[in-house]
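What follows is a set of notes on a single structure, which appears directly below.
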Amino acid sequence: FKRNKKAARNKERKHQSTIKRIIELSWLFIKKREELIDVSSSEIKELHLYSNCYIGDQCFADCKELTSLVIDDTDKTNEYWIGSTAFKGCEKLNTVNLPESTSGIGYESFYGCSKLKSIYCKASTPPSVGSSAFGTVNMPECSLFVPKESITQYKESTEVWCLFNIQEYQDISGINNV
């Protein structure tokens, strides 16, 4: 019994250390949640990642306390992809900031994020979107901020982008430094 209790404590310490390390890394490659860590019960409220990373399938699914996702636009040479169901069930997520290098959003990536109200997407070409990527998001009530020169592309997109409340992206002081 003591051995199991000690092993559980060590696993929890390692879990907390890994979460802290993930948030602090400047280069990030996250595999499937089961292969790296399980953050679904974590207290992560804000997540700031760097654009030279890949967020794998289910990686941050069910992070119930997550309210803000910012992906820094430091590396414009790599294409950025959000894996399927990566943020599925993040019920409190209300703001997402995607870098210029965003090329795609996987199946059900933001499904269940019904409080999502603002998406800042710097990509001049609308990223490809998997089916039900924004399922349960009230798209007409969710503001999608895009570069001025790309508004027409987003409005005429055959993807779900045209269903959002599309507005001109203006660099709001501090939005990149959340």
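The values are calculated or read from the model by the stated rules, or taken from the named source; none is laboratory data. Here the structure is a predicted model, which is why all the values come from computation and not from measurement. Every residue, glycine among them, receives a Cβ derived from its backbone with ideal geometry; neighbour counts consider all protein chains shown. For the accessible areas, the whole protein counts, side chains as well, though only heavy atoms, and no ligand, DNA or RNA atoms are used. Shrake-Rupley method; radii C 1.70, N 1.55, O 1.52, S 1.80 Å.
Can you tell me which residues in the stretch 77-103 are on the phi < 0 side of the Ramachandran plot, touching a Gly at 6+ places or on another chain (Cβ under 8 Å) and not charged (D, E, K, R)?
81, 82, 83, 84, 86, 90
Considering every residue within the stretch 150-160, establish whether at least one is part of a loop (DSSP other than H, G, I, E, B) and within 14 Å of the chain's Cα centre (by Cα).
At the first step, the residues of the stretch 150-160 found to be part of a loop (DSSP other than H, G, I, E, B) are 156-159.
Subsequent filtering for residues that are within 14 Å of the chain's Cα centre (by Cα) retains none.
No.
Looking at (1) within 14 Å of the chain's Cα centre (by Cα); (2) modelled with pLDDT of 95 or more; (3) open to solvent by 30 Å² or more (accessible area, probe 1.4 Å); (4) among the hydroxyl-bearing types (Ser, Thr, Tyr), can you tell me which one residue 120 breaks?
So the condition that residue 120 fails would be (3).
Taking the conditions exactly as written (over 11 Å from the mean Cα position of the chain (by Cα), modelled with pLDDT under 80 and open to solvent by less than 10 Å² (accessible area, probe 1.4 Å)), does residue 30 satisfy them or not?
Values: over 11 Å from the mean Cα position of the chain (by Cα): yes; modelled with pLDDT under 80: yes; open to solvent by less than 10 Å² (accessible area, probe 1.4 Å): yes.
So residue 30 passes the test.
Out of the residues in the stretch 51-99 that are at pLDDT below 90 and in contact with a Leu (Cβ under 6 Å, 6 or more places away or on another chain), which is surrounded by the most Cβ atoms within 10 Å (Cβ to Cβ)?
Residue satisfying both the conditions and the ranking: 71.
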